[in-house]
Structure formats: C-alpha cells, structure tokens
C-alpha cells in the first residue's frame, strides 16, 4: 500500500529484477524520468515532470508526446517498457497510445507495463493523489484498452503490494494473428527449481546432466542462461523453461542481488556459476591463479561434473546429452551419406588460446594415405576456417568451419565413427556416447574432465615445463587463459601443453579404433 511518508519516485527500480526476462535486446523505456532500470534501455521522455514536480528527466532521446512516436520504425524493438506513465494520459487516448507502442515491437517481443493500482494508491481527486493522473488503473481497464490492439498473450500479471510497491505489473507478448490470450492464468507448477548457468557450449552440455537429475527428482526446471552457450540445450526435454539474459544485461556487480531476488520465486535454486571456472579452474586475477602449481593441483584436481552434481544435490550419474530435433537428425543422416566407410569428426580448436593441437594435418595426411575409405570432417567456428587451409582439393576432407552451426555439428555426433579435439563443447556432448573419443587435455586433468567418460582416450603432455605447471610439478595448470600472458606459446602459435602431445600417439590410437571398427563391421 502506498503511504504519503514513503520515498517518492524511482518506481521502475522497484520492478527491475522482475523485468529481466522480458527486456533483452533493444528496449524502449517510454517515460523513463531521471533513471532507467538498466543502461541498455533507450530512455524516452518529454520532461513534463520538470515543470510539474521539479524532477529533471534524463532520457537518451527527447520526445514531445508518448502518443506519437513516428520517428521510430515499426517492429524494430524487442520490448517496450513503461513505468507509471500511462495513467498520465487521458483514458480515451490510452488505446491509441498503446497501439502506437505496440507498433514498435517485434512479433515475439514484449510490452511491459508497471502502473499504480487504484486499490492501493489514492484515486483521482482524492487527498495525496498525483494531480496529473487522468484515470484510475485497474486490471479490467488496462485489458479493455488492449482489446483494441492485435494478437497478444498476457503472460504475466501481478498485483505488487509488498514493501513500498503499490502497483500492477503486466507483460503482453506480441503474437501473430488476432487472438488475445491470458497465459498468466495457467496453473503454476508445484515443485520448482531454477538452475543458473551462464557459459559456453561445454558448460551447458555438462549442465544437461544436472537438468536430467533434477527432472528425475520431479522438479519443474527453469534455466537462466545466456547465448550463444544456451543454443545447445534448446531441445532438452528436461528443461521446462529457459530465461535468457544478454551479456552484462544484469551488471556483474549486481548479479548477487538478482540471484537473491529470483531465489524467492522457486522452491530451490541451483547456481552453477563458477562451479568450474573460478572454482576448479583459476581465473586470472584471483588468488588461486598465483598459487604454486603443486598447491593448485592438489586443491583443484576434482571432477567438474561430480562437483556440479554435488551443488545440485542430485546423484552423480553422468547423463550429458545433446537432444537433436527430428529435422537435425535427418540432416545429419543426409550429410553422412555423402561420406566414406569411416568418418572422423575433428574439432580444430576451442574457445581459449591453448585449445589448438598443431599436428592435425600430419595425422589426417597419414590417414588419407593408409585408408582410402576414411573421411574427416573439420568443424569449428568462422575463426577456425584458417586451420582448414591446404585441404581444398581433397574431397575426403569436409571443411565445415563457419558453415555448420554448433547444433548441426552436435547432431552429426550420432553419425560419426570417432571424434577428436581439445576440451570443447563438442567433446563434452560426446562424453556419454559410445563413440570413440580422443581428447587433447590442456588446462584440465583426466580426473577433472574425462574420468567418467565412455570410450575415451585422454591425451596430455606427459612432461612439461611451463608457467602454469612449473618444472613438471603438476599434470595440468588448472588455470583459465584468455591470452598468452600466463600460458607458454610455442613458435607454431600453440600452447606448449598441446605441442607436447605427439602426432604418432594419435595415429596409433586411431589405428586401434579403426581395427575395432572394421572387425565389428565384418
């Protein structure tokens, strides 16, 4: 309930954590006033409050009238947010104003409204009422105005009456057609858990084991994550809802407050942030990064996946799995049909500077000569295209870097006969599959990463002197590397720990895999 002696203004800040799921991308904040909930919002205001109340607006763009936004193109914004503005417009003009705001939103985008509730705030003309309010806001009147607009789904409605809030909260999602729904009325699940996992492809693939474990315990699972990492779990049946955040949408220093807030919305929260990076892999600038290699190894040589299972309080039963769609499976089968009797999926590099093995060409050339039926699929992002150079005229080498998406690459795992590469999302996705795997370990040990993998050949530098391992004092550095500042770079441009894994070791393992494959086929 509103109280006259409560602090006034700053209404949008009261709702900022609640609007995070609906305000990614390009967001217009109409009537932003002196402060926006988040910096990425594009604030619009006409500074009317300066004359009425002496409150100076600080918009990104000055406008004359919120009912006329002709300078903004249609369907170009992911969200329109407005806090405590609509009640300042004559109710007869509200449908037209909302239609104008609606015009700006992409299909699938959101109109987010936060408005004073007539049950909790003085009505027009009453003592202490805002003298500029033109109408009293309630649920029915907002929906009546929205009825004159096209297709929407009211996916969220809340009567906000805790603490110093006295408002109504609406989220309308723009949909194709003219149907108008009220999805917010759908019964809420009884047993809920939020899993927080930001990160790269490998981080989300490891987390798929956690989702499966929580689902087995009967939870409705909501994942808070970021792109591009979350692309790999789009089809996971163990996740009931995904709430995506843009990078730094919630500033890092405020994540703690955001996580505390969402913790009130679920029965449990499983926060996997820094469950590997920052805890079992030392971050630059953190105290662990500068520890003696032997100490770092003793403290950090624990299994990544088991630790995440412990955090989630689910039994350590590795269930890492990528779920391809039916169309992706059909596509993968068509691609495989173009290839030979034995096909190797070879991941050329990972997301960090130390995740590139330098002898790929040597091994592939030897394979091509010894086994005419072998095909090799190089995979990776656009940056890895340079590593495919020299194989343009070999039809048995398929150069897919920057061509196949990450989901297509992962879908192809079921069709490949072996997979090779550094510590990456693709290798993590294959960890529980029967396909033979050769993994080039770098900053992790077998205990950290591959201990529980199926049919795996983990390779690491057996002896090495480098900044992270010291005088061969530890089998891995257990450090994250974003540059070469703390990692030994060889003349070939790769990390010492990768250069120290010999090509003939990989060739020998491949020959074992090939022999087993063709004996089974026979």
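What follows is calculated from the coordinates using simple rules that are stated; it is not laboratory data. This is a predicted model, so every value here is computed, not measured. So basically every Cβ, Gly included, is an ideal-geometry build from the backbone, and we count neighbours across all protein chains shown.
Can you match semi-axes √(5λ) of the Cα gyration tensor in Å to one of these, (i) 37, 28, 23; (ii) 49, 32, 19; (iii) 53, 25, 21, based on a calculation from the structure here?
Correct label, based on the coordinates given: (iii).
When a footprinting reagent is the concern and you count Cβ atoms within 10 Å, what order do 304, 457 take, fewest first?
457, 304
Note down the nm distance, to one decimal, between modelled labels 7 Å out along Cα→Cβ at residue 164 and at residue 326.
It works out to 5.5 nm between the two label points.
For helix 326-336, what angle does its Cα long axis make with the longest principal axis of the chain, in degrees from 0 to 90 and rounded to 10?
With rounding to tens, the tilt is 30 degrees.
Would you please classify the overall shape of the range 11-185 from the alpha carbon gyration tensor, given that a ≥ b ≥ c denote the square roots of the eigenvalues, rounded means a/c under 1.5, and beyond that prolate means a/b larger than b/c while oblate covers the rest?
Rounded, because the longest to shortest axis ratio a/c is under 1.5.
By counting other Cβ atoms within 10 Å of each Cβ, how are 121, 266 ranked from fewest to most?
Lowest to highest Cβ neighbour count: 266, 121.
Pairs of Cα atoms under 8 Å, at least six residues apart: use those to get the relative contact order of the range 11-185, whole percent. Mind showing how you got there, number by number?
Numbers: 364 pairs, mean separation 32.8, N = 175.
Here the relative contact order equals 19 percent.
Taking the Cα centre of each part, how many Å lie between the range 110-181 and the range 277-345?
45 Å
If you average the alpha carbon positions of the range 455-481 and of the range 507-522, how far apart do those two centres end up, in angstrom?
Going from one Cα centre to the other spans 28 Å.
In degrees from 0 to 90, rounded to the nearest 10, what is the angle of the helix 360-370 Cα long axis to the longest principal axis of the chain?
Rounded to the nearest ten degrees, it is 50.
Once R0 is set to 41 Å, what does the formula 1/(1 + (r/R0)^6) return for the Cβ-Cβ distance between residue 62 and residue 123, expressed as a FRET efficiency to the nearest 0.05?
The computed FRET efficiency comes out at 0.85.
Quick check on the range 326-521: take the gyration tensor over C-alpha atoms, sort the square-rooted eigenvalues as a ≥ b ≥ c, and tell me if it's rounded (a/c under 1.5), prolate or oblate.
Prolate, because a/c is 1.5 or more and a/b exceeds b/c.
Percent antiparallel among DSSP beta bridges with both residues in the range 326-521, to the nearest 5?
Rounded to the nearest five, the antiparallel share is 15 percent.
Among 62, 101, 357, which comes first, then next, by fewest other beta-carbon atoms within 10 Å?
Result, fewest neighbours first: 62, 101, 357.
By the gyration tensor of its Cα atoms, with a ≥ b ≥ c the square roots of the eigenvalues, what is the shape of the range 192-312: rounded for a/c under 1.5, prolate for a/b over b/c, or oblate?
Judged from the Cα gyration tensor, the range 192-312 comes out prolate (a/c at least 1.5, a/b above b/c).
Express as a percent, rounded to the nearest 5, the fraction of DSSP beta bridges in the chain (both residues included) that run antiparallel.
Looking only at bridges with both residues in the chain, the antiparallel portion is about 25 percent.
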